[in-house]
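Enquirer: Take this structure, written in structure tokens, and hold onto it; I'll ask about it next.
Taken together, the values in this text are just the output of simple stated rules run on the coordinates, not laboratory data. Just so it is clear, the structure is predicted and the values come from calculations on it, not from any experiment. Note: ideal-geometry Cβ built from the backbone for every residue, glycine included; neighbour counts use all protein chains shown.
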């Protein structure tokens, strides 16, 4: 099970037009069967993780779509 931080770090330097584009990139990187956990939740699919991270303000607008807000990645 991969940590949400791994996804946020994967996003650094990249932008995504839509949530679906990000979910596809996560699946391509981690595999279709990978589940994700964070400090406060576990067992999430890629789509559920994206929703979870968005609700917590981890993304910011980019010139095309959105990207990760690197200042909001905790490093513990």
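Enquirer: Looking at segment 19-50 only, could you name the residues that are without any contact (Cβ under 8 Å) to a residue 24 or more places away in the chain, farther than 14 Å from residue 2 by Cα and surrounded by 12 or more Cβ atoms within 10 Å (Cβ to Cβ)?
Expert: Matches in segment 19-50: 24, 25.
Enquirer: Can you pull out every residue in segment 52-71 that is exposed (fewer than 14 other Cβ atoms within 10 Å of the Cβ) and either out of contact with any helix residue (DSSP H, G or I) (no Cβ under 9 Å at 6 or more places or on another chain) or under 13 Å from residue 7 (Cα atoms) (or both)?
Expert: Correct list: 54, 55, 61, 62, 63, 64, 70, 71.
Enquirer: Let me ask another. Identify all residues within segment 6-18 that are surrounded by 13 or more Cβ atoms within 10 Å (Cβ to Cβ) and without any contact (Cβ under 8 Å) to a residue 60 or more places away in the chain; write none if there are none.
Expert: 6, 7, 10, 11, 14, 15, 16
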